[in-house]
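FYI, it's all coordinate maths here, none of it is from the lab. The structure presented is a predicted model; accordingly, all values stated were derived computationally and were not measured. Cβ atoms come from the backbone with ideal geometry, glycine included; neighbour counts cover every protein chain shown.
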Amino acid sequence: MAVLPGFVNAHTHAAMVLLRGLGEEAPLMEWLQQKIWPVEDKLTPEYIYWGTLSAMLEMLSTGTTCFADMYFEMDRVAEAVLSAGMRAAICRGITAGEPGKIERSLQNNLDLAEKYHGREGLITVQLGPHAPYTVPLDSMKLISQEAKSHGLGVHFHFLETEGELKNLGMTPEKYLEESGLLNVPYLTLAHAVWLDPATTVPDNVTLIHNPCSNLKLGSGVMPLAYWLDRDISVALGTDGASSNNRLDMWEEMRTTALLHKGVNKDPVCVSALEVLRMATYEGAKAYGFSQKGMIQEGWVADLVLVNLDKPHYIGVNDENLAAYIVYAGSSADVEGTMINGKWLYKNGQFPTLDKEEIVQKTIAARDAITQ
Ligand code: NI
């Protein structure tokens, strides 16, 4: 067996497991506007609760101990997280719509923080403006001010597609400055595919790399090797299950390590060890979790137990473990997932969750929203 720090899925929309498979192989905007948003309108707090639990079954069984979630009805997400004893960084996705919608969503996000930030050491709350194309700049300024005055981080989709970069109306650097986002306690930028690697990125910012989702939606490839060269913090995430379609950090690790070597024609860049760090410590740090993401004395026991007693691990040793995990391993090797010293997944069982009930309720929710 090997013990690793638990994986931190640094950008996802857990309840989107309910929308998995809808609108496959379409461009981002067409996919969102025609396939995803109309079905999302049918989601109820109940459906989101069960969908989130279903996503947690997938994440726990693949070694994820913490996930950063941007969605809505986040009170129900918090309840799901606390009932299982999992760890999560949660924010309410804020988008423009009818008059007053942004203000209401922002208030809802602030209420969420008031109620859940720091709860049982398992949850941190961020503000969640969705993206530059769904939140006007004036509202971004307001959200940044509120984040600063409440001491909260911001989780934001930024420059996922090339079109977004063109429509920004200014340079990304100028946008980040104008919006006030650089003044918040910490900021996570999901995707950042089209952010020029020469851009100034302060220490309070973490870029979140979602390689599988970016590949599947044809969004492009983040210039990761350049960011790592500059010691910029980058964490890994899956994005939602409707654009990935897995919630499996092993898949993101392997893809990351392979993709950038190929793109850069350089077998030395983006090492297995760097990728493991991105999948663990960097994600925990990005969302304000301290003493998590590494195995150290006095740190919290968020761990994955990996079964090395398999043919594809023959030859593994202390020196090459990271490479075996990233290149030869898969989530099928996970034997146990521990959070805060408690097993949440062990030998195929989920001690704190009723798997049968979750699966049944999720099937019913899926049927209801796709009718
Ligand atoms: Ni996303």
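What is the order of Tyr313, Tyr345, Tyr71, fewest Cβ neighbours within 10 Å to most?
Tyr313, Tyr71, Tyr345
Taking the Cβ of Pro185 as the center, what net charge do the other residues with Cβ under 15 Å away carry, scoring Lys and Arg +1 and Asp and Glu -1?
Residues close to Pro185 contribute a combined charge of 0.
Using modelled backbone amide H atoms (1.01 Å from N, in-plane), which distant-in-sequence or interchain residues come within less than 5 Å of Leu344's amide H?
Residues meeting the criterion, in which the H sits 1.01 Å from N, are Thr337, Met338, Ile339.
Report the charge-dipole magnitude of region 4-87 in Debye, nearest 20, computed about the Cα centre from +1 at each Lys and Arg Cβ and -1 at each Asp and Glu Cβ.
Taking the Cα centre of region 4-87 as origin, the dipole is about 200 debye.
Can you check what the net charge comes to around Ile123, using other residues whose Cβ is under 11 Å from the Cβ of Ile123 (Lys, Arg +1; Asp, Glu -1)?
That sum, taken over residues with Cβ under 11 Å, equals 0.
Determine the shape class of region 286-367: with a ≥ b ≥ c the square roots of the Cα gyration tensor eigenvalues, call it rounded for a/c under 1.5, and otherwise prolate if a/b is greater than b/c, oblate otherwise.
It is oblate, given that a/c is not under 1.5 and a/b is not larger than b/c.
In debye, nearest 20, what is the charge dipole magnitude of the chain about its Cα centre with +1 on Lys and Arg Cβ and -1 on Asp and Glu Cβ, if you could check?
Rounded to the nearest 20 debye, it is 160 debye.
List the extent of the Cα atoms of the chain along each of their three principal axes, largest first, rounded to whole Å.
59, 48, 42
At 0.36 nm per residue, minus the direct Cα-Cα distance, what do His312 and Ser290 gain on full extension? Give it in nm, one decimal, please.
The span from His312 to Ser290 would gain 4.5 nm if fully extended.
Run the numbers on the chain and let me know its relative contact order in percent, using alpha-carbon pairs under 8 Å that are six or more apart.
Once divided by the residue count of the chain, the mean separation gives 23 percent.
So how much slack lies between Asp111 and Asp203, counting 0.36 nm per residue of separation and subtracting their Cα-Cα distance, in nm?
In short, 30.4 nm is gained.
How far apart, in nm, are the 7 Å Cα→Cβ label points at Val221 and Glu98?
Between Val221 and Glu98, the simple spin-label model gives 4.6 nm.
How high is the FRET efficiency between Asp229 and Gln33 when r is their beta carbon distance and R₀ equals 41 Å, given to the nearest 0.05?
Step by step, r from the Cβ atoms, then E = 0.65.
Leu176: net charge of surrounding residues, Cβ under 15 Å, Lys/Arg +1, Asp/Glu -1, itself excluded?
-3
Please list, by residue number, every one of the trypsin sites (Lys or Arg not before Pro) in region 263-371 that is coil in DSSP and has at most 10 other beta-carbon atoms within 10 Å.
Lys265
If I take every Cα pair under 8 Å that is 6 or more residues apart in region 140-194, average their sequence separation and divide by the length, what percent do I get for the relative contact order?
57
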